[in-house]
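Enquirer: Could you have a look at this structure, given as structure tokens, before my questions?
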Amino acid sequence: MQAKSIKGNSTEEIKNALLQSMNDGFKPTLAIAFVSIKQDRKAICKLLDEADIAIFGTTTNGEFIDEETEKGSAAILLLEINKNYFELYFEEYPEKNYRAITNAVARKAKEKFATPAFFIAGSNMETDAEELLFGFEDVVGKDVNVYGGMAGDDFTFSDQFVFTNEHESSRGMVCIAFDEEKVTIKGVATCGWRAVGTERTVTKSTGNHVYTVDDIPVLDITTKYGGLENVSPDNEGLLLEIAANFPLQLQREKGDPVMRPGLVIDWSDRSFYCSGSVPQGSKVRFSLPPDFDVMEKVIKGVENLKATKMPDADALVVFSCAGRILSLGPLMTQEIEGIKNVWNVPMLGMFSNAELARATGGNLEMHNLTTCCVALKEK
């Protein structure tokens, strides 16, 4: 597999970069496209389609192909890979039948490949991404490799899109099934946020709506731990501070904890809605604001992936939570550079609304405030 990554701030720049990439005889068959909603994605898709390149596309909260992060641009990983080694799927879920949709996709992929692995991107903030993951597990089994992220919209929190050559949707998914007998895919999801304090019990919750922890309104106990001030609806920056710096860490019986930041506050009872489900009776811990350790843990996680499972790679795809760039700011460049240096191969990355991957030592999960790195290697 040969890979090249390109980026641009306009359709014309992408066109020129695409043509330049193919000057030496490079003939990409698959494009993973991370594109800002500010870009003309239909025009970009037309360029790629005319070059007979299959498109896995999603809108973002920022994108990168190296340590320099962009916003409002288009970044694309071009892969020259045998067309028999992958299959592209596009589905919508207006009925919110997430599990059934991915179940059907997995069945089709299983008919084509004995051992399929999946890249997935979904759109719409209401989407239950965990249900998407369960659909793959139902068909392929608990050990299935699934990696991806949820589409962004440059932090407007309005409409997010996934797209392919001829279709796009603000309530759908795009998926690549790879033949693992021909393509090795290995990934790692690392957060790095340090936990603080003892385990606490979620005493009242419904789905992703958390009411109380240790019988105390979750907003009150969070602000106490965080030492937050001006805790009122008038504080426009409060929710961002809670989500980016003081997320709940949901403890799992198996594997690393997963992050569950509060995204919407219900001031009537001082509860909040998290990014994913937080079962009643589950155990949580609170987080410390991020520091340099956060980046170091991510880089070490990727280095360990190379040392233990993926000594060589042809390309690298990174799904990093939008909350990380809000928390770490310019320091994100150090994390991305550290990841890039592990294999030093063409890389593509986006800042997503959620990350989809197996927790370290655990199960498939929807993550937040996490960096998911996925390495690809043709056998």
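Every number here is computed from the coordinates shown, using simple stated rules; none is lab data. Please read these numbers as outputs of a predicted model, since none were measured by experiment. When we count neighbours, we look across all protein chains shown, and the Cβ atoms used for this are built from the backbone with ideal geometry, even at glycine.
Enquirer: Can you compute the modelled spin-label distance between Thr201 and Asp159, with each label point 7 Å from Cα toward Cβ, in nm?
Expert: Each label point is offset 7 Å from its Cα along the Cβ direction, giving 4.7 nm.
Enquirer: Once you keep just the Cα pairs under 8 angstrom separated by 6 or more residues, what percentage relative contact order results for region 195-287?
Expert: Across region 195-287, relative contact order equals 42 percent.
Enquirer: Something else now. Around Arg194, which amide H atoms from residues at least 5 apart in sequence, or from another chain, sit under 5 Å from its own amide H, with H modelled in the peptide plane?
Expert: Leu288
Enquirer: If you average the alpha carbon positions of region 72-117 and of region 300-379, how far apart do those two centres end up, in angstrom?
Expert: Spelled out, the Cα-based centre of one part sits 20 Å from the other.
Enquirer: Mind giving me the nanometre distance, one decimal, between the label points for Phe292 and Asp138, set 7 Å out from Cα along Cα→Cβ?
Expert: My value for the distance between the label points is 4.8 nm.
Enquirer: What is the helix-to-structure angle for 41-50, meaning the angle in degrees between its Cα long axis and the longest Cα principal axis of the chain, kept from 0 to 90 and rounded to the nearest 10?
Expert: 30 degrees
Enquirer: Taking Cα atoms, how many degrees apart are the long axis of helix 292-308 and the longest axis of the chain, rounded to 10 and kept between 0 and 90?
Expert: Taking the Cα atoms of the chain, the angle to 292-308 is about 50 degrees.
Enquirer: Could you work out how much longer the chain between Arg107 and Glu337 gets when fully extended? Use 0.36 nm per residue separation minus the Cα distance between them, nm to one decimal.
Expert: Values: separation 230, 0.36 × 230 = 82.80 nm, distance 3.80 nm.
So the chain would gain 79.0 nm between Arg107 and Glu337.
Enquirer: If you don't mind, there's one more thing I want to ask. If you average 1/r over every pair of different alpha-carbon atoms in region 195-287 and take one over that average, what Kirkwood value in Å do you get?
Expert: 12.9 Å
Enquirer: Report the antiparallel proportion of the DSSP beta bridges in the chain as a percent, rounded to a multiple of 5.
Expert: Bridges in the chain that DSSP calls antiparallel: roughly 80 percent.
Enquirer: Please give the FRET efficiency for His167 paired with Glu68, using the beta carbon to beta carbon distance and R0 = 25 Å, rounded to the nearest 0.05.
Expert: Using R0 = 25 Å, I get an efficiency of 0.20.
Enquirer: Sticking with this one: Can you show me the helix-derived [θ] at 222 nm for the chain, built from DSSP H runs with n ≥ 4 at -39,500 (n - 2.57) apiece and divided by the number of residues, rounded to the nearest 500.
Expert: -8000 deg cm²/dmol
Enquirer: While we're on this one: What pairs in Lys297/Lys377; Lys108/Lys283; Lys42/Lys309 have C-alpha atoms more than 29 Å from each other?
Expert: Values: Lys297/Lys377 24 Å; Lys108/Lys283 38 Å; Lys42/Lys309 38 Å.
Over 29 Å Cα-Cα: Lys108/Lys283; Lys42/Lys309.
Enquirer: Per-residue counts of other Cβ atoms within 10 Å, averaged by peptide: what ranking do you get for 3-16, 124-137, highest first? Working shown, then result.
Expert: Numbers: 3-16: 17.9, 124-137: 20.0.
Packing order, densest peptide first, comes out as 124-137, 3-16.
Enquirer: Something else about it: Using r as the Cβ-Cβ distance of Ser232 and Asp49, and R0 as 51 Å, what FRET efficiency do you calculate, to the nearest 0.05?
Expert: So, using R0 = 51 Å, E works out to roughly 0.50.
Enquirer: Say R0 is 25 Å: what FRET efficiency, to the nearest 0.05, do Ala307 and Lys379 get from their beta-carbon distance?
Expert: Once rounded, the FRET efficiency stands at 0.80.
Enquirer: Nearest 10 degrees is fine. How inclined is helix 332-343 to the longest principal axis of the chain, computing both from alpha carbons?
Expert: Between helix and principal axis, roughly 50 degrees.
Enquirer: Continuing with the same structure: Would you please put 215-227, 237-249 in order of how densely packed they are, using the mean number of other Cβ atoms within 10 angstrom per residue and starting with the highest?
Expert: Highest to lowest by the protection proxy: 237-249, 215-227.
Enquirer: Let me ask you something else. Restricting the count to DSSP beta bridges whose residues both fall in region 101-224, what percent are antiparallel, rounded to a multiple of 5?
Expert: Rounded to the nearest five, the antiparallel share is 75 percent.
Enquirer: How would you rank 89-100, 140-151, highest first, on the average number of other Cβ atoms within 10 Å across their residues?
Expert: Packing order, densest peptide first, comes out as 140-151, 89-100.
Enquirer: Karplus couplings for region 350-358 from phi (6.51 cos²θ - 1.76 cosθ + 1.60, θ = phi - 60°), rounded to Hz, Gly and Pro as x?
Expert: Here the 3J(HN,Hα) series is 9, 9, 10, 7, 6, 10, 10, 5, 7 Hz.
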